Amino acid sequence: MDTILIQGGVPLHGEVTLSGAKNAALPLLFASLLTQDECTLRGVPRLVDIRTALGLLTELGAQADWLSANEVTLSARRVDQFEAPYALVKTMRASFLVLGPLLARFGRARVSTPGGCAIGARPVNIHLAGLQQLGAAIRIRQGYVEARASRLTGARIRLDFPSVGATENLLMAATLATGTTVLDNAAREPEIEDLAAMLIAMGARIHGAGSRTIVIEGVEALHGVSHRVIPDRVEAGTFLIAGAITSGNILVRGARADHLASFMETLQRAGVTITPEPEGIRVRGNGRPAGVQFNTRPYPGFPTDLQAQMMALLTLGEQQSSITETIFENRFMHAQELVRLGADVYVQGHTATIQGVAFLSGAPVMATDLRASVSLILAGLAARGETEVSRIYHLDRGYEHIEAKLSQLGAKIQRQTIRPVQ
Ligand code: UD1
């Protein structure tokens with residue numbers, strides 16, 4: 001059980017380079033199931049979730065090899081298993097994304113239903129309704145989705161909500177269906193565009209990814225590809241807040257302003273100076289931020305995956321702020337931990353009201369999920385004295401080398417490995 005120890009109050013300065021996006025890399029890894037040729041992915045972050053995805057692909061009979069630090073080759077030529085077991089899906093919900101590709105290429109899949117998680121119920125009804133419309137026979141038995149189709153057939157599908165995962169599953173499945181599929185009310189996240197870019201390079205016919213309506217003309221087979229994962233926009237937002245909350249000056253190399261428009265606009269309203277530069281985005285913190293109000297929304301709205309980090313910043317606001325979380329029903333668990341650091345946050349239903357305080361004070365706090373854990377690190381960087389964040393295994397699911405990257409910017413941060421008493 002590792003913990004992270006931070007001595008707060010040091011303004012961060014310098015440059016940091018982003019890793020590839022975890023949420024883009026996961027569907028891209030599973031897209032390799034759609035072809036019998038070799039696929040190479042570059043810019044794959046070395047994270048626990050990526051290891052879990054590679055473990056699942058290997059269990060299915062695929063081969064996965066690291067060629068260098070962040071480059072992996074995948075071959076799904078010899079896939080002979082079609083099951084994603086509960087043990088894996090419960091540790092990483094994105095494992096559910098094998099369903100579409102397995103069904104499209106092999107006509108069968110058995111995938112555990114993910115169940116709820118700390119931030120919400122997170123059902124998979126939209127994935128399943130869409131696959132049924134593509135002609136799959138689906139039944140749920142003993143906690144598993146069992147799906148079969150001799151060949152999927154194109155259809156017009158309107159998603160009840162622009163779910164990222166459902167859009168990805170259906171996009172992958174439709175590439176090998178007969179005829180044309182239209183996905184209406186599709187998710188528009190940059191990770192969807194990245195997946196479409198890889199699929200197109202594999203020979204898929206896709207138009208409109210990144211817009212509300214995606215049209216996919218099915219093809220007989222896809223071929224191998226070499227593809228680079230887009231930079232992680234959530235990691236980018238996290239480092240921009242690290243600069244703002246410590247009143248520092250950081251260049252976040254690789255950050256793409258076109259992927260972060262709504263987030264940057266909110267930071268600017270809070271009085272933070274954000275400047276796109278040729279190599280990335282620069283942030284300059286100017287003391288306490290102004291209070292702001294915002295709602296999380298599907299892309300291009302403010303991303304739920306940056307809500308906890310933004311809350312950490314707003315705890316130090318000159319005025320009151322308010323945040324309404326519209327994507328997940330239970331994504332304010334960081335609020336109570338921020339209160340332990342001296343923040344004044346009141347949560348009622350889906351809205352958190354934050355009265356800014358002049359300073360935070362270090363304390364022991366506990367991470368509850370991935371983005372919550374990094375919000376506590378951000379608050380710890382700003383707090384006076386020492387903050388110890390426990391349960392940081394959540395952090396290792398999504399942030400590559402975070403202590404090293406923050407140390408390089410001048411943060412006083414270290415990981416402590418606590419061994420159980422024998
Ligand atoms: C992805 C991201 C996650 C991010 C989320 C929203 C990955 C690996 N994860 O998760 O980091 O926070 O997008 O931007 O990319 N829903 C249903 N039925 C469904 C599917 C979803 O009701 O069939 C609901 C969910 O419960 C949730 C909302 O829709 O309340 C958004 O979920 P979705 O967009 O599917 O998120 P994920 O793909 O799970």
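Side notes on the structure shown:
- Some residue of region 95-102 being at pLDDT 95 or above, away from the ligand (no atom under 16 Å from the Cβ) and crowded, with 23+ Cβ neighbours inside 10 Å: yes
- Just one residue in the set 177, 129 is in contact with a Leu (Cβ under 6 Å, 6 or more places away or on another chain) and either of a type in the set (Ser, Thr, Tyr) or assigned by TED's automatic domain parsing to the domain that holds residue 202 (or both); that residue is 177.
- Test for residue 162: is it within 12 Å of the ligand (Cβ to nearest atom), without any contact (Cβ under 8 Å) to a residue 12 or more places away in the chain and either in the same structural domain as residue 213 (by TED's automatic domain parsing) or on the phi > 0 side of the Ramachandran plot (or both): no
- Region 286-306, subset part of a strand (DSSP E or B) and open to solvent by less than 20 Å² (accessible area, probe 1.4 Å), residue nearest to the ligand (Cβ to nearest atom): 296
- Matching residues, region 358-401, being at pLDDT 95 or above and in a helix (DSSP H, G or I): 374, 375, 376, 377, 378, 379, 380, 381, 382
- Candidates are the residues of region 150-170 that are within 17 Å of residue 96 (Cβ to Cβ) and among the β-branched types (Val, Ile, Thr); the one that is least open to solvent (accessible area, probe 1.4 Å) is 167.
The values are calculated or read from the model by the stated rules, or taken from the named source; none is laboratory data. Here the structure is a predicted model, which is why all the values come from computation and not from measurement. Virtual Cβ from ideal backbone geometry, glycine too; neighbours counted across all protein chains shown. Surface areas here come from the heavy atoms of the whole protein model, side chains and all, with no ligands, DNA or RNA. Shrake-Rupley method; radii C 1.70, N 1.55, O 1.52, S 1.80 Å.
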